[in-house]
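One structure is given here, and the rest of the page talks about it.
Readers should treat all values here as calculations from the given coordinates under stated rules, not as data from a laboratory. Owing to the predicted nature of the structure, the values given are computational and were not obtained by experimental measurement. Here the Cβ positions follow ideal geometry from the backbone for every residue, glycine too, while neighbour counts run over all protein chains shown.
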Amino acid sequence: MRTKLLGYRSNGQPIYPFSGGDATTIIDNWIPIEYDSDVVQRVQMDSAVERYADPVPMATATKQIPRSAGLTVTAGLTYTDDTSTNDYVTLTARRFISRFQVDEDDLADANTRMAVIATKAMDWAISYADTFDNACLGVTGVENGTTIPFTSAYKTLRTTNSGLSYTADDNYLTWDDDNISLPASGGGLSLYEKASATFAKVEKGKYWSLADSLVIAAPGWREALRNTVDGQGRPIFVQGTAGTPDSLFNVPIAWSRGCKSSPTLSGSPGGNDLLYFGNRRYLRMGKRSGPETRADTPRAQDDSDNYAVKFRSRRGFVLSHPAAFSVLERITD
């Protein structure tokens, strides 16, 4: 008798709800994928946001998180009340979903079933990571909850927020890759100068933190960065060794295939490469549930003998302050 899939072991093999006893005892629910499973590890490896964003547990579809403008410190004997403006940002959980079906005949052998499901689970992990990062970092449109699940970091940096005294594009720069051969003293047009200016946008503000600094970039930047040096001929990009991450100006880089511009979310965005620099503590990721899976065998009333497996993850995202990040967009002809 076919049984429902509960999740995956650390080796990627599926877990079923019973091994004997009453065969009618079937758990009919979404089952969380184990935290230490290969699937979760692959999601975290491929998704910069899943790995580095500050996680916020969510028990409901929306959650407000406080945003503090700091606390004024004075000296002397008389206390004065702080006048900083405090407000909140709202996280809204959206579903990232996928389903596949396979004919029961193709799963007749137990070993085949395990291999097919494990392979599809890893495919889902990779695709989800790229799509989720694109939704958080690269989508250029206005949030609609479906094709544009969140207000992305890109959209946040390109939109005026008068309440935070931020003007659209204050922390947005572009680099024309026709200038890749320019030296560091290229009149502000070389990649060295553009990358340095991108860092300076955040470093000159109150939201910069050396300990929490992070670069998130599309892999398309790697070749250009390898060919970039400072005025003394020293590389600004250092490839990591022995498990250490790559770095730009001594700041670790998280590579993300989803970190490209796109009008709506995509697992294979075709827009311009993006490079972010900022304080990762201001990347807030709501975690309502998942990754999780649900599986079912065909029923007698179904029109086909297809075994179906669903995957989903419910996540929220917000860049909680635009001054905490900057972005450099690569313009190609």
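Determine the distance separating the Cα centre of the stretch 262-315 from the Cα centre of the stretch 143-206; give it in Å without decimals. Value for the Cα centre distance between the two parts: 27 Å. Taken over the stretch 116-229, the alpha-carbon convex hull comes to 173 cubic angstrom per residue. Extension gain ASP178-VAL73, at 0.36 nm per residue separation less the Cα-Cα distance, in nm? Roughly 33.0 nm would be gained on extension. With 27 Å as the limit, the listed pairs LYS155/LYS287; LYS155/LYS206; LYS194/LYS260; LYS63/LYS155; LYS194/LYS287; LYS201/LYS260 have LYS194/LYS287 beyond it between alpha carbons. The antiparallel fraction among DSSP beta bridges confined to the stretch 187-333 stands at about 90%.
Given bins 10 angstrom wide, list per bin the percent of all Cα-Cα distances in the stretch 245-333, short to long. Values per bin, smallest distances first: 12, 28, 30, 15, 10, 5, 0. For the stretch 224-295, the spherically averaged projection of the C-alpha convex hull amounts to 8.5 nm².
In terms of overall dimensions, the stretch 175-274 has a Cα radius of gyration and Dmax of 14.2, 42 angstrom. Each label point was placed 7 Å from the Cα along the Cα-to-Cβ direction; for LEU164 and GLN44 their separation is 2.7 nm. So, counting K/R as plus one and D/E as minus one, what does the shell of residues with Cβ under 15 Å around GLY141 add up to? My count for the surroundings of GLY141 gives +3. Its Cα centre serving as origin, the stretch 201-278 has a Cβ charge dipole (Lys and Arg +1, Asp and Glu -1) of approximately 120 debye.
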